[in-house]
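The values are calculated or read from the model by the stated rules, or taken from the named source; none is laboratory data. Please read these numbers as outputs of a predicted model, since none were measured by experiment. Neighbour counts run over all protein chains shown; Cβ positions are idealised from the backbone, glycine included. Surface accessibility is based on the protein's heavy atoms, side chains included, excluding ligands, DNA and RNA. Shrake-Rupley method; radii C 1.70, N 1.55, O 1.52, S 1.80 Å.
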Amino acid sequence: EGGYAAAIRELEEEVGLKIQQKNLEVVHVCHSMHGGRENLNIYFSAKKWTGVPSILEIDKCDKLAWYMISELPENMVPEVRQVLKQVLKKSVYSEYIG
């Protein structure tokens, strides 16, 4: 399964949104190393989708909200915080060691 198909599937499974591939754009790739694991994560931007976002995997997330980039919560995943800052700089690649 390719990255776009996986992103489309996970978006629906985790937050109940449906999206077409043409509405996804790759915005960042992060090579992360933490907890004895190494991953290459692809981050997408979506400007158009259908549905209302909601938490469908309650064991993985305790809150779903929109935030201003300057007001991100303290308890978010550190890699994601880093990636968001990189996306704002229009950087397409970063590394995270946690």
What percentage of the solvent-accessible surface of the chain, computed with a 1.4 Å probe over protein heavy atoms, is contributed by carbon and sulfur atoms? 56
Compute the whole-percent fraction of alpha carbon pairs in the chain spaced more than 19 Å apart. 51
How about Lys63: which lysines have a C-alpha closer than 25 Å to its C-alpha, ignoring those fewer than 8 places off in the same chain? Lys18, Lys47, Lys48, Lys85
Could you check the spin-label model distance between Ile42 and Asn23? Points 7 Å from the Cα along Cα→Cβ, value in nm. 1.9
Per residue value of the accessible surface for the chain (all protein chains in place, 1.4 Å probe), Å²: 75
Quick query: amide H of Ile55 versus all other amide H atoms, modeled in the peptide plane; which residues come in under 5 Å with a sequence gap of 5 or more or a different chain? none
Within the set Val29, Val52, Val83, GNM on the chain using Cα springs under 10 Å gives the largest fluctuation to Val52
